[in-house]
Amino acid sequence: MVVLTACGSDGADWTRDDGRPLTLDENQLLMALPGKLSAPQGWEASDPETDDGSRALEACQEETASNCAGLGAAGGGRYYRDGESDQKIKYSVYAFDTVDNASVAMKGTLAQEREDAGSGTRELKVDTGAEAAEAFADKDGDAEVVMRGGAVMIRMQGNDVVDEKVLGEFARLQIDRIRKAAAGQNPDAA
């Protein structure tokens, strides 16, 4: 199997001032999730949702096919194309305590989603701005972009969205929101 790292790291530092990996607590995660104010033109967003405790662990284990050791916060959100389109982008964000734990979750997610996609997948080149990323599309016109920045793993699903430019725009939007929230800034504040 060919493994392609989608155009990922922009050379940015994914560590905090004290040398620990960038991650999010529950409040920061909520700020990082896409909301109605963050929807690009032509798209609408649902209210973001977070999970905690056993619900977060269960969601993480199901989605990542890993044990989710070190999981600190989990949540997600969705964007919908305006009008009659079936296009949507779904995010799941998992904040861990270490880069290794986030990397294990990323590895499990990729293995599970590539298996689910079956044969006929094609690799995508998506400029994500993440520290590590892989992207591919299945034969049904759906895309997966799995990213990691510091100790945060992001799964982005494109339903009827495989355009690399559009996927990149949404990926960079989520990565930017994570960076701002980790720094204590609300990405929706002007």
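The values are calculated or read from the model by the stated rules, or taken from the named source; none is laboratory data. What you are looking at is a predicted structure, and each value in this text was computed from that prediction instead of being measured. With ideal geometry, Cβ positions are generated from the backbone for all residues, glycine too; neighbour counts draw on all protein chains shown. Ligands, DNA and RNA are excluded from the accessible area calculation, which covers all protein heavy atoms including side chains. Shrake-Rupley method; radii C 1.70, N 1.55, O 1.52, S 1.80 Å.
Table for the structure above
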{"item": "Simple spin-label estimate for Leu37 and Asp86 in nanometres, 7 Å along Cα-Cβ", "result": "3.4 nm"}
{"item": "In sequence order, calculated HN-Hα J values of segment 67-82 (Karplus, 6.51, -1.76, 1.60; Hz; x Gly/Pro)", "result": "7, 6, 4, x, 5, x, 7, 8, x, x, x, 9, 10, 10, 5, 4"}
{"item": "Calculated [θ] (222 nm, deg cm²/dmol) that DSSP helices of n ≥ 4 give over the chain, each run adding -39,500 (n - 2.57)", "result": "-9500 deg cm²/dmol"}
{"item": "Average accessible area per residue (Å²) across the chain - probe 1.4 Å, nucleic acids and ligands excluded", "result": "49 Å²"}
{"item": "Distant-in-sequence amide H partners of Trp43 (H built 1.01 Å from N, under 5 Å)", "result": "Asp82"}
{"item": "Heavy atoms of Arg122 accessible to a 1.4 Å probe, total area in Å² rounded to 10", "result": "120 Å²"}
{"item": "At q = 0.17 Å⁻¹, base-10 log of I(q)/I(0) for the chain (Debye sum, equal scatterers on each alpha carbon)", "result": "-1.08"}
{"item": "Kyte-Doolittle mean at least -0.5 and Cα axial length at least 20 Å: DSSP H helices in the chain", "result": "164-182"}
{"item": "Carbon/sulfur fraction of accessible area - segment 23-148, other protein chains in place, 1.4 Å, %", "result": "42 percent"}
{"item": "Cross-link reach list, lysines versus Lys36, counting only Cα pairs under 21 Å and skipping chain neighbours closer than eight places", "result": "Lys88, Lys90, Lys180"}
{"item": "Dipole of the chain, positive direction: furthest Cα of Thr50, Ala189, Ile89, with charges on the beta-carbon", "result": "Ala189"}
